[in-house]
Every structure is written in structure tokens, then in C-alpha cells.
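What follows is a set of notes on a single structure, which appears directly below.
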2 protein chains.
Amino acid sequence: MTSRPLDYDNLNDNVKKCQYAVRGELYLRASELQKEGKKIIFTNVGNPHALGQKPLTFPRQVVALCQAPFLLDDPNVGLLFPADAIAKAKHYLAMAPGGLGAYSDSRGIPGVRKEVAEFIERRDGYPSDPELIFLTDGASKGVMQILNATIRGQSDGILVPVPQYPLYSATISLLGGSLVPYYLEETANWGLDVENLRQSVQQARYKGITVRAMVIINPGNPTGQCLSEANLKDVLRFCYQENLALLADEVYQQNIYQDERPFISARKVMMDMGPPLSKELQLVSFHTVSKGYWGECGQRGGYFEMTNLHPKAVEEIYKVASIALSPNVPAQIFMGLMVNPPKPGDISYEQYIRESKGILESLRKRAHIMTDGFNSCRNVVCNFTEGAMYSFPQIRLPPKAIEAAKAAGKVPDVFYCLKLLEATGISTVPGSGFGQKEGVFHLRTTILPAEEDMPAIMASFKKFNDEFMEQYEDHRGYSRM
Amino acid sequence: MTSRPLDYDNLNDNVKKCQYAVRGELYLRASELQKEGKKIIFTNVGNPHALGQKPLTFPRQVVALCQAPFLLDDPNVGLLFPADAIAKAKHYLAMAPGGLGAYSDSRGIPGVRKEVAEFIERRDGYPSDPELIFLTDGASKGVMQILNATIRGQSDGILVPVPQYPLYSATISLLGGSLVPYYLEETANWGLDVENLRQSVQQARYKGITVRAMVIINPGNPTGQCLSEANLKDVLRFCYQENLALLADEVYQQNIYQDERPFISARKVMMDMGPPLSKELQLVSFHTVSKGYWGECGQRGGYFEMTNLHPKAVEEIYKVASIALSPNVPAQIFMGLMVNPPKPGDISYEQYIRESKGILESLRKRAHIMTDGFNSCRNVVCNFTEGAMYSFPQIRLPPKAIEAAKAAGKVPDVFYCLKLLEATGISTVPGSGFGQKEGVFHLRTTILPAEEDMPAIMASFKKFNDEFMEQYEDHRGYSRM
């Protein structure tokens, strides 16, 4: 048979080159094992409901009513739904002519975008313009849209933290651009050093790359750190000086597990800094209904807000969004509900607060159990998860383990994670999927398994790890201090 | 201020180049007029619910229950939901661990993909493999995924019908590929001529373009024709001879308004033709929950099925799909329900049949009212809408109208459609947005306004058109016969 257009060899090279480890080799192997009947704990992806987190009741009631608007005319509706959910469903249906089955404007329903703008204003203390807010099918789709508008070819570079969430590396590959890495400092709790940034940009320019934008993930994925205001100021000043757009991935802004550094948005810090920076620096911020205490991943809802973009550029981004017609409408309602939840005095307020606080407090406990668990293991060191949903322990692999990996044709951390999976059913992502310094190894796991299961999972991890180390260690020292 | 990364001038040229007329100048002007209080009839996009079509009751009941699974434990649930909807909700929730709030596999929920495969087998009489079926956020997203895998650069060409649905031209521009047009013959009821195809491919090759795939839209958008089995055989043979993959956009397969040529899938015809073609030709077929009698556009649900793709190529497409994690889960349930609707004997069967038949019969009547209406207008000729959701009349613009358009700096059909919009509130899309032969002008309108409103809309159109022609005609003949 001749070589055909959709044969592997003939596919777009950018498609073949891109890597997305969160659903890579480890995930595929875990899926296989699950099919064979093994119990798998999927901690490879921040997917809270899949690990048993219950959805918040109120938003589900509202969206269920929006899906079945004929229930609103049923005299029995009050037996199943509280009055404020009924009122909210009517509120959103009035905004969405044709209901959930009609395409909305490609930027999303105007009324929901207005609620997002009001949320941003309450959060940051500065007004926000709904015309510069686009709703998306999850934050990832928004990031892809903005990178697509930004990247013109191979010599366009995007500054991305290492370790990073591989959405960035994969999308940059797919779009044929260049990833310009900047390293986060593990020993400084994954802090960000401007001197380091400057060097990365210089090195890239030396190679002929035009650095166009910088990505920050705050709170960090996979690293879990929360950026301080001072750190954000440094980043903003740096972007301004170097004429970079800043892409602020702030999808974990509700997920904070310490009190010293509450979440502060890049936009607020930028506005606080005043002109010329606040008037000129181009910033795009991303948010989602998938994370926080919502965890509504499967709904695929998100938004991005653009600051200091000219209407002509916004129009281009709008045009491209319109090719796929509209983000899914049910998730737009979830986004409206997330930024405009029940208020004190509403029938559902107490329940909403109880449920959301419960989730967040439990996540905080789990972050501690997990960090402490990892730090109790042989050759494992782990920074505390200050925010987001992940733990990213460093695994100090002995030279003999690295040799064994090589012999098996595996990257060392992939080798370790596969063994972990086979032994315990815990499905993680090797650090190499996120980027790490040469010769240093990690894994990423979510902190999402149910709180009551956590001690057993960490005990199972410790047993595996310590036996692994026993097997491969030469008892003369660590592979790396 | 210096030129900044996200200023218009610095954006990706492919983004700037792409055009998407369905939500282009006409739509933007219509949105403005609506804001100013004018009543607009949005017939620019196939968005049935926005024009008053009621959703089918049963699928909405099922998805509402899936959104609010706690209702399943409520003793009153039977007062609002029929037992078969409750059973179906349990059926789908059992397939989706974590429910609608959890990311599914990036290809979609395995159980739903199995139901899609069973539907294809019932429809075509040949088995279908769920592993080769990917669920998507609407068919458009699927088309974009496949074109992205196919197009490697500017010298890769995709054969696209003219007139075409601009998803194709826009996506090919965005991906930096080349559109290779083949013309549909208006006087032969938008038929497709293989000789014409062959010429298009030869011309493209002469320019150094590698033609990689051919798109068919059946039933046609914007042209409304239904391809015959003989025509499909010609196309398949042609693709096989020329080593092209066939991309079959079959999203309107439920929308058929004549009895001579029922829908027949490209896959069935290909399988009927037997080897080597049935074993070798690479085919990707697209479907959706947005069209048919469902019209669930806002849910964003679709699938594509790949035939004769090697697992290694499928893996690459899977990998790229996984970057955005998963298609939205509620729409996956809609897809399951669409391919596996209530059966005779089910409580909801009668209602489901009544509702779906009602919609389809009304669409058939509207197709006739509209075609007849257009053909009663001065200088307008229109083929009957055999299928899909559109009417695509040719508007024979007098030379004076063409001059007036030029003077106003507008493409002639844009000029006409803008005048139509201002005079009547009818928001259409100029034929130039879909492609047409040089000097020939059209517009596209959906056949979706409510049946009872149709006579008034067509009267309003006729009044505008005939006055327009009166104004611009020199009373010595048409601009074109």
C-alpha cells in the first residue's frame, strides 16, 4: 500500500512533536491496568470529582433547571428545588435567548461577562470591562487562543516556568513556536528570580528568538507556590522593561492553603503600580470553573480577561473564537454562578458556604498530610503545597536506579513512576513531563484523594519508595544532595 | 508608546488573514442594530433554539438529572421526571465516574463512544470501532483537530467545495495551509462533477501544492443539496485514485426534505464498494448534536469517526485532544441520547417521536415556503433546499447596484445584504463569505424562523428586494442571465 495522507509519517510534524505527559505514557499504562481490573488512584490530573469530591449543590440545581426549563412551569418544582435556585435559573435563562441549546455570542453571554467583570472589580478594586472578557471551554482553550494569536513562527518565544504545566509546552510546539524556559528555584520554595529571567531572555535573543510573552502560573502548577506581591511586582516590571505580554494563569486562585500570602492577582498588582505600566503592559489573565472548591472540570468553563489590548487586536481574537461558534453554554452559567454565588440571606447561602469551606479545609489538611508523608520517605524531599492542587516531591534516585532505568529504555523518573503504579496503583506524572533541572527527578501528584484515604495512600507510597530505595541504593550515599 | 507584542500589527498573520463571514460584518452590524432596539431576525447561523425551536424534552430531562444526581435520591423525583429518564440518567452516570464534573477520557466516555459505534453499525450495516470514534465539543472542533493533523504548511492543500461552509476556509487559513476550491454547479442543483475535481487538483499540483484531503458537506451547507449514491461513489473513487483522505461533513444527516435521495453516509458507500478501496481509503466523518431535529448548538457536542487510519496516527490525534483534557461531558451525554433515543414501548417514546417529527415536518414546509418565496422575487433564483438548514438564492444584481456598492466601498452582495438588514431586520450572510463564481451573487439564510412567521418574513424580503431592483435596474435587462 502506498503512503497515505493520514499515515503517521505524513502527519503535521508539530502534532507529532508535542508532548503532554499528564495524559502520557503513565496515564495510558494506568488505563490499561484499570481495564485489567487493578484499582487505580488517578492522581495524574487535577480532577476532583473523579476522586469523589461532591459538586456544590446550588450551581447544579440552577444548571439542571436551565437544562429543563419546562420544570419552571411545573407546580411541583418547589418540592425538588429551592426558591433561590429557581430565581437564579430564570435570571440566566433571561440572559440566554434560546436557552442552553442556542449558540451564544462567540465571546460568551454578555450578561455573564458582565458578572465576571463585576467579580474582578470586587476582587481587585479596579473596574473591568466585559468587552475584554471572553468566556471559553475551560481555561486551556483560552490559553491556546491567546498563544495562537501571539506565535507567528519558530523564532517567536514564550517564557515559560520550569517546572511548568505542559499545556504550555505542548501548545507552543503545536503552534510551531519556541519555548524559552526560566527555572523556578526549588530550594527557595519554587521562587522566581528576576536575574534568572533576564538571563533566559538574553540567551533566547542570542539564538535569534523574539521573546513575546511570559507565562506565570500562580498558584503554581505543578509546584504549588503562591507568588508574593513583591515577586509579582518584579515580574510586571520585568515584562514592561522587556516589552513582553504577561499571561497570568490564575486558575488556582481559590486554592490557598496558608495565610501568609493570600492570592493576589497580577492585574491588581499592575493597577496598583500605576502608569505608565498600568496603562501599557499587556496582560491576559485566565480563570476556570474546573479548580477551586468547584472542581467542575467536565463542564469545561473558563474565561480570559485582556488588559491594555487595542480593540483591533481584540477583534482578531473574537474572529478566531467565532470559527468554533461559541463556548458551551451550560458552563457559561457555571461561570456566572462561580463569580456571583449565593449571598448572605439567600436560602442556599448556608449550605453553599458549608460545602465550599468543607472542601477547602479538607484540601488544606490533605496538603499537609501529603507533604509530611513525602518528607518522611527515604530520599524524598518536598516543599509544602501552599496553593493549587499538587505536590511535587523531589525523588533522589540512586545511581543504580538510574542505570536500571537506562537499561529498561526509560527516563529515570518515568521508570520510578511506572514501578510505583504497578506496585500501588497510584498514577502520577513524572517530573520530566513538567521540566526539571538536569539530573534532578520529581513526580507530580494531586492532593485530591479523599481525606480519609490519604493516610493509607501515603503509607502505600512510603512502603514502595523505601523498598525501591533499599533495592537500588548502594548504601554509600544519595545520588544527589 | 512602542509597538507591543499583542498589538494588531504584531499578531500572527494567519489569525489576521482568516475570514469567518457567518459572524462577520453583517452579524456585527445586526448586533449593533439590536442593541439600538431594532428587531433582528438572526438567520445568519443555523441556531434553531435561538429562533424559538423547543428542545426535545427527553434528553433535557436526562441531562438535568445527570447535572443534579442528588435528585435521584429524592422521593419526589417521579413527580417531575418520567421513569425512563431516571433510568437513562443512571445509565449515563454509571458510565461517567465522577459525573458531569469530572474530565472524561480525552476521546470521550468509552460507553458513549460504544453507543455511537452501534448507531453507525445500525445506520450503515457495517461494524464500527469505538476506538476510532472521538467525541468533540461540536463538529467544528473535530474538523479543526483533523485539519491540524493534516496540514503541514503552505504547500499542503485541502479540496473544499465552493460555495463552502467557511469553517473550512477559516481553519485552513489559520493553520497556514492552502485551500484548493472545486466548484459546485448551481444549474445542476449544486451537483459535483468529477472532471471539475480533477482539474482543480491538477491546477493545484501545477502550483506546487500537495493535495492531501477532500472535504464534502452532505447535505450541503450553504447549498442544501443531497448527494446521490452515484455521486458519492465518484468522489470515493476519485479520492482513492488521487490518494486523498476524505473528510465527510455529515452534520445535517437528519435534515432531509425530499424522498428521492435519503441520506447515505460516505462510509456506507465506501464499505459497499469493497476492497481495495474499503480497506485503504482514509475517511473521517463528522456529526453533531447541534443540527437535525435536536438543534442543541449551545451544548457543543459532536463526534468524528476515523476509518482506515493506523493506530499510530490515531494516537497522535488522541495526544493533541488530550492537551485540552476532555470534551465537555454534558454534551457527551446528549450525543449518547441522540444515537440511542427512546425505543418503542418506552414511556417517553411517543412524545419523542411527536416532537422530532413535528420539527422535521415543519422544516420541510419552511424549506418550500422559502424557496418558493425567493423564486417569486425579481432577479432572484433559488434551488430547493433538499437538506440541511439553508437557502442559498442567487441575487442577480443590476450593474447600477454593483456600481453603488463599489462607490460605498462594499462587495456587491455585502452591500445588498446590509441594505436588506437595515430595511427588514433580516440578518443573512453574503454569498461571498462562502465563495461563488466571479460576478455571481448570493446570500445564505437559514430556513429556521418559526413556520408561522415565515410568510411575513418572505413578504418583507420580497418587498425589499423588488424595491431594490426597481431602484437599481436600468429596465433594459438583468446584470446576468
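Looking at A:Phe384, A:Phe434, which is the one that is surrounded by fewer than 22 Cβ atoms within 10 Å (Cβ to Cβ), within 21 Å of the chain's Cα centre (by Cα) and aromatic (Phe, Trp, Tyr)? Matching residue, one of A:Phe384, A:Phe434: A:Phe384. When the range A:186-209 is filtered for residues that are on the phi < 0 side of the Ramachandran plot and in contact (Cβ under 8 Å) with a residue 60 or more places away in the chain, only A:Glu186 remains. Across the range A:414-428, not a single residue is classified as in the same structural domain as A:Ala30 (by TED's automatic domain parsing) and either touching a Gly at 6+ places or on another chain (Cβ under 7 Å) or free of Cβ contacts under 8 Å to residues at least 12 places away in the same chain (or both).
The rows are residues; the columns are (1) modelled with pLDDT under 95; (2) in a helix (DSSP H, G or I).
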site: A:Val45; (1), (2): yes, no
site: A:Arg60; (1), (2): no, yes
site: A:Leu65; (1), (2): no, yes
site: A:Lys90; (1), (2): no, yes
site: A:Ala94; (1), (2): no, yes
site: A:Gly108; (1), (2): no, no
site: A:Arg113; (1), (2): no, yes
site: A:Pro127; (1), (2): no, no
site: A:Glu131; (1), (2): no, yes
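When residues in the range B:166-203 are screened for being under 30 Å from A:Leu174 (Cβ atoms), more than 22 Å from the chain's Cα centre (by Cα) and more than 14 Å from chain A (Cβ to nearest Cβ), 1 of them pass.
Looking only at residues of the range B:51-73 that are free of Cβ contacts under 8 Å to residues at least 60 places away in the same chain and among the aliphatic types (A, V, I, L, M), we find that the one that is surrounded by the fewest Cβ atoms within 10 Å (Cβ to Cβ) is B:Leu72. Going through (1) within 10 Å of chain A (Cβ to nearest Cβ); (2) among the aromatic types (Phe, Trp, Tyr); (3) in a helix (DSSP H, G or I) one by one, B:Tyr103 falls short only on (3).
Quick check on A:Ala213: is it in contact with a Lys or Arg (Cβ under 9 Å, 6 or more places away or on another chain) and either under 21 Å from A:Ala230 (Cα atoms) or part of a helix (DSSP H, G or I) (or both)? For A:Ala213, the condition - in contact with a Lys or Arg (Cβ under 9 Å, 6 or more places away or on another chain) and either under 21 Å from A:Ala230 (Cα atoms) or part of a helix (DSSP H, G or I) (or both) - is not met.
Taking the criterion of being touching a helix residue (DSSP H, G or I) at 6+ places or on another chain (Cβ under 7 Å) and surrounded by fewer than 20 Cβ atoms within 10 Å (Cβ to Cβ), the residues of the range A:239-253 that qualify are A:Tyr240, A:Glu242.
Residue count for the range B:235-251, restricted to those that are assigned to a strand (DSSP E or B) and away from every other protein chain (no Cβ under 12 Å): 2. Going residue by residue through the range A:135-153, is there one that turns out to be closer than 23 Å to A:Val289 by Cα, more than 13 Å from chain B (Cβ to nearest Cβ) and touching a residue at least 40 places away in the same chain (Cβ under 8 Å)? No: the range A:135-153 contains no residue that is closer than 23 Å to A:Val289 by Cα, more than 13 Å from chain B (Cβ to nearest Cβ) and touching a residue at least 40 places away in the same chain (Cβ under 8 Å). Could you tell me whether B:Phe263 is aromatic (Phe, Trp, Tyr), in contact (Cβ under 8 Å) with a residue 40 or more places away in the chain and within 25 Å of B:His368 (Cβ to Cβ)? Spelling it out, B:Phe263 is indeed aromatic (Phe, Trp, Tyr), in contact (Cβ under 8 Å) with a residue 40 or more places away in the chain and within 25 Å of B:His368 (Cβ to Cβ).
Looking only at the range A:79-88, filter to residues that are assigned to a helix (DSSP H, G or I) and more than 10 Å from chain B (Cβ to nearest Cβ); which one of those is nearest to B:Glu32 (Cα to Cα)? It would help to see each step written out before you state the result.
Initially, the range A:79-88 is screened for residues assigned to a helix (DSSP H, G or I), giving A:79-80, A:83-88.
Applying the additional criterion that residues be more than 10 Å from chain B (Cβ to nearest Cβ) yields A:83-84, A:86-88.
Values: A:Ala83: 36, A:Asp84: 33, A:Ile86: 32, A:Ala87: 29, A:Lys88: 28 Å.
Checking each candidate, the answer is A:Lys88.
Just one of the listed residues (B:Leu33, B:Leu11, B:Leu80) is without any contact (Cβ under 8 Å) to a residue 40 or more places away in the chain, touching an Asp or Glu at 6+ places or on another chain (Cβ under 8 Å) and more than 28 Å from A:Gly138 (Cα to Cα), namely B:Leu80.
All of A:Pro181, A:Pro161 fail the test of being surrounded by 24 or more Cβ atoms within 10 Å (Cβ to Cβ), in contact (Cβ under 8 Å) with a residue 12 or more places away in the chain and not acidic (Asp, Glu), apart from A:Pro161.
Results for (1) under 28 Å from A:Ile447 (Cα atoms); (2) buried (at least 21 other Cβ atoms within 10 Å of the Cβ); (3) among the basic types (Lys, Arg), shown as yes or no for each residue.
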residue	(1), (2), (3)
A:Gly292	yes, yes, no
A:Lys312	no, no, yes
A:Leu325	no, yes, no
A:Gly336	yes, yes, no
A:Pro341	yes, no, no
A:Leu363	yes, yes, no
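Of all the listed residues (B:Asp7, B:Asp13, B:Asp74), the sole one being among the acidic types (Asp, Glu), touching a Lys or Arg at 6+ places or on another chain (Cβ under 7 Å) and facing chain A (nearest Cβ under 8 Å) is B:Asp13.
Among the residues making up the range A:15-35, a single one is among the acidic types (Asp, Glu) and at pLDDT 90 or above: A:Glu32.
The residue list B:Gly302, B:Gly295 contains one member that is at the interface with another protein chain (Cβ under 9 Å from one of its Cβ atoms) and either at pLDDT 95 or above or farther than 30 Å from B:Leu277 by Cα (or both), which is B:Gly295. Note on the range A:300-320: residues that are in a loop (DSSP other than H, G, I, E, B) and among the small types (Gly, Ala, Ser) amount to 1. For the range A:271-292, taking the residues that are touching an Asp or Glu at 6+ places or on another chain (Cβ under 9 Å) and part of a helix (DSSP H, G or I), the one that is farthest from the other protein chains (Cβ to nearest Cβ) is identified as A:Asp272.
The values are calculated or read from the model by the stated rules, or taken from the named source; none is laboratory data. Since we're looking at a predicted model, the values are computed, not measured. Reconstructed Cβ throughout: ideal geometry from the backbone, glycine too, with neighbour counts over all protein chains shown.
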